[in-house]
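Asks: One structure follows; several queries about it will come next.
Every number in this text was worked out from the coordinates using simple rules, so none of it is lab data. Nothing here was measured: the structure is a model prediction, and the numbers come from that model. Every residue, glycine as well, gets a Cβ built from its backbone with ideal geometry; the counts of neighbours run over all protein chains shown.
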């Protein structure tokens with residue numbers, strides 16, 4: 001309980017970012033929904049179209065909707081210029097606002113449809129104009145029902161906003177995703193409790209306004225509005241504090257190694273006098289776009305990932321040739337600087353429990369291919385859509401009985417529990433040795449090398465003081481030390497936080 005309380009007390013900046021995002025999305029949703037409801041109430045055809053579209057949006061999973069705005073905004077950049085952000089607040093705002101529209105729109109349309117026809121006829125009878133009828137009759141009668149829709153939209157928006165982490169927007173999803181990846185359940189619970197508490201508080205304050213409108217009680221109405229304004233003001237204060245000064249933003253993908261390396265880099269930069277911030281839980285494509293566009297300043301990526309995902313290459317070349325080609329491509333394409341290798345490789349590898357591999361006679365991936373129709377393979381959430389899997393499947397002819405996706409947190413647990421026979425492991429993961437796993441040999445050398453490399457965004461590429469602080473990390477981290485650091489975060493007992501593991505790793509390589 002004390003761990004959860006400590007985590008809750010540290011969530012101030014994430015909470016303020018979550019409040020501001022949710023409030024902005026709800027406000028935009030109201031701005032869209034209410035005029036649309038008025039139009040829909042004047043035209044049955046518009047009502048069908050508007051409600052149908054809003055209902056369709058609700059069928060799209062929130063995570064998918066958030067992700068879809070990334071390519072949409074990326075394509076719009078050609079029209080509006082490089083200043084249009086493709087990650088972070090803007091796509092999260094647009095996606096969540098769309099999610100908020102349906103309950104508000106539906107309640108507003110229903111309220112007007114259920115209104116006593118006699119009241120409307122009386123308004124017409126006294127000669128009210130359309131605007132007067134809307135302002136003096138329809139709006140006051142519909143207000144309590146509209147507020148009920150806004151309450152529903154607020155709760156939905158606050159819950160869905162936790163997913164904004166995946167596109168680089170700080171939120172209460174940060175502790176939830178980080179806790180899931182590192183199996184820090186106190187962190188997960190803290191994030192969930194904070195998000196649920198925020199939803200309950202928002203619903204209570206909006207209920208005060210709803211009660212004030214229904215009962216014509218100015219006290220409840222102004223109390224609710226005043227408390228909401230006070231909450232938004234409190235949320236704006238830490239946001240202004242964060243924006244003060246020039247912060248170096250360090251991005252990280254959604255697994256333990258990335259969290260550790262981000263904190264290691266952050267520690268070095270803080271020692272050099274920089275203020276730092278972290279954007280965790282980003283996908284491979286998202287983190288690269290965030291870096292090249294300047295949404296983040298520094299990231300650690302892997303040569304094989306960039307080779308296949310960004311350069312679209314399928315050929316295998318020497319390690320140095322691959323790095324030189326990537327370095328030149330990044331410089332020419334966006335001005336992003338590849339500073340160099342950190343010293344270890346984190347390659348995809350196919351791993352099995354030692355007893356299972358021995359029983360089936362698994363040594364090479366050709367052996368695995370022959371037995372694959374009787375086996376289940378587990379991969380991380382993006383593995384089966386990656387070029388590496390497609391290339392390996394084509395080269396070896398894999399035909400697995402079943403493919404199952406797991407988050408990296410539960411991938412190794414699935415193997416130990418027998419939920420998968422083989423998994424897409426990572427060669428620098430400490431659990432390979434700790435769980436006594438066997439890595440199946442890639443004899444055809446289909447999988448590229450995955451040297452960890454340090455990358456700096458174009459706007460920071462000329463900052464020699466920053467580069468000087470980072471250069472001592474190049475070539476300093478061997479795979480044994482990285483595995484030890486990873487396992488110190490991933491193990492079940494005596495776990496370290498990524499920040500603690502980063503400090504230990506930093507001390508070991510100095």
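Asks: Could you work out how much longer the chain between residue 57 and residue 42 gets when fully extended? Use 0.36 nm per residue separation minus the Cα distance between them, nm to one decimal.
Replies: 3.1 nm is the gain from fully extending residue 57 to residue 42.
Asks: Take every DSSP beta bridge whose two residues both sit in the stretch 348-440, then give the antiparallel share in percent to the nearest 5.
Replies: 55
Asks: Please list, short to long, the whole-number percent of alpha-carbon pairs of the stretch 62-202 in consecutive 10 angstrom bins beginning at zero.
Replies: 11, 27, 24, 19, 13, 5, 1
Asks: How far is helix 256-271 tilted off the main Cα axis of the chain, in degrees rounded to 10, range 0 to 90?
Replies: Taking Cα atoms only, the helix is inclined about 90 degrees.
Asks: So for the stretch 2-242, considering every pair of alpha-carbon atoms, how many percent are separated by more than 29 Å?
Replies: 37
Asks: Then there's this: Treat each spin label as a single point 7 Å out from the Cα along the C-beta direction, and report the residue 419 to residue 311 distance in nm.
Replies: Computed distance between label sites residue 419 and residue 311 equals 3.6 nm.
Asks: Taking a ≥ b ≥ c as the square roots of the eigenvalues of the Cα gyration tensor of the stretch 123-183, is the shape rounded (a/c under 1.5), prolate (a/b larger than b/c) or oblate?
Replies: Since a/c reaches 1.5 and a/b is larger than b/c, the shape of the stretch 123-183 is classed as prolate.
Asks: Residues of the stretch 183-197 with backbone nitrogen within less than 20 Å of a virtual label 7 Å along the Cα-to-Cβ line of residue 434, please, listed as ranges.
Replies: 183-189
Asks: Find the all-direction average of the projected area of the Cα convex hull for the stretch 91-162, expressing the result in square nanometres with one decimal place.
Replies: Orientation-averaged projected area of the Cα hull: 5.2 nm².
Asks: Another question about this same structure. Suppose R0 equals 60 Å. What FRET efficiency, 1/(1 + (r/R0)^6) with r the Cβ-Cβ distance, do residue 370 and residue 200 give to the nearest 0.05?
Replies: 0.60
Asks: Just checking my list [x] 0.99; [y] 1.13; [z] 1.04 against Cα Rg over 2.2 N^0.38 Å computed from this structure; which label fits?
Replies: It is the one labelled [y].
Asks: Quick one: work out the % antiparallel among DSSP beta bridges in the chain, nearest 5.
Replies: Beta bridges within the chain, antiparallel portion: roughly 55 percent.
Asks: Taking Cα centroids, how far is the stretch 389-408 from the stretch 1-68 in Å?
Replies: Result: 36 Å between the Cα centres.
Asks: Kirkwood hydrodynamic radius for the stretch 427-510: how many Å is it when counted over pairs of different Cα atoms?
Replies: After inverting the pairwise mean of 1/r, the radius is 15.3 Å.
Asks: Mean shadow of the stretch 177-220, computed from the convex hull of its alpha carbons, in nm²?
Replies: Taking a quarter of the hull surface, the average projection is 3.4 nm².
Asks: Oh, and also: Most exposed first by the Cβ proxy, i.e. fewest other Cβ within 10 Å, how do 377, 158 rank?
Replies: Least to most surrounded, the residues fall as 377, 158.
Asks: Right, here's the next one. Counting other C-beta atoms within 10 Å, which of 56, 96 has the fewest, and how do the rest follow?
Replies: 56, 96
Asks: Does anything in the stretch 35-64 have its amide N under 15 Å from the 7 Å Cα→Cβ label point of residue 72, and if so which residues?
Replies: 53-64, by backbone N distance to the label point.
Asks: Which distance in Å, rounded to a whole number, links the C-alpha centroids of the stretch 449-474 and the stretch 158-176?
Replies: Cα centres, the stretch 449-474 to the stretch 158-176: 27 Å.
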